[in-house]
Amino acid sequence: MADSKGMRVNEQIRVREIRLIDDEGEQKGIVPTIEALRMARERDLDLVEVSPNANPPVCKILDFGKYRFEQEKKLRDSKKNQKVLKIKEIRMQPKIGSGDLDTKAKHVQEFLNEGDKVKVTIRFRGRELAHTELGYDVLKEVEKRLVEGSYSVEKAAAMDGRFMSMTLASKVAKQKSKPQETAPKTVEKPKEEENASS
């Protein structure tokens, strides 16, 4: 019975002596591996190496299938509780028109209202790099068009190669999916007892 994560079990443990912990959690001290395997088999359990780097390695008598299931369950639960952070990106050029800027700012505001982070990026082409102050002006215009108090500037406007970007974090809590409305409970009338007389 080999484990995909490199944990050695039963006959896979090749060392001569191990530090043994029995199925009730009691330390049995340093025991020959053959003796520990015999004790595990008597109890219909497995000998599992839990700390291979110790000297001698620490092994435990336990039900390996159940142990592996519990480890996988812990991993699934920890993944379930992780917060997935999305960063949306809005790109524009320094020579953007007023109407287009309104539209882009509206999209930024929508993303912030949904609780996402937004990276606003200005792309400079050719000689535009000589006038990076235009990029600062565009980013300031975007900020002016956003609802005050709905965001915070996480990373101020800064150049990165041919791009200038700033990152905005939402102050709005991420909206959870709406709970399903509970249907009104129907009260069942008690069934009349039928007399089965024939």
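The values are calculated or read from the model by the stated rules, or taken from the named source; none is laboratory data. Model, not experiment: these values are computed from the prediction. Reconstructed Cβ throughout: ideal geometry from the backbone, glycine too, with neighbour counts over all protein chains shown. What goes into the accessible areas is simple: the full protein's heavy atoms, side chains included, and nothing from ligands, DNA or RNA. Shrake-Rupley method; radii C 1.70, N 1.55, O 1.52, S 1.80 Å.
Each residue in region 41-70 was checked for being in a strand (DSSP E or B), in contact with an Asp or Glu (Cβ under 7 Å, 6 or more places away or on another chain) and without any contact (Cβ under 8 Å) to a residue 40 or more places away in the chain, and 1 of them qualify.
Scanning region 106-127 for residues that are under 14 Å from Ser170 (Cα atoms) and of a type in the set (A, V, I, L, M, F, W, C) yields Val108, Phe111, Leu112, Val118, Val120.
The number of residues in region 19-40 being surrounded by 14 or more Cβ atoms within 10 Å (Cβ to Cβ) and in a strand (DSSP E or B) comes to 5. Scan region 111-141 for residues that are within 37 Å of the chain's Cα centre (by Cα), in a helix (DSSP H, G or I) and of a type in the set (Lys, Arg) and jot them down. Passing the criteria: only Lys140.
Among the conditions (1) open to solvent by 70 Å² or more (accessible area, probe 1.4 Å); (2) farther than 30 Å from Val172 by Cα; (3) in a loop (DSSP other than H, G, I, E, B), Lys73 misses just one, which is (3). If you go through region 82-112 and keep only what is open to solvent by less than 20 Å² (accessible area, probe 1.4 Å) and hydrophobic (A, V, I, L, M, F, W, C), you end up with Ile90, Met92, Leu101, Ala105, Val108, Leu112.
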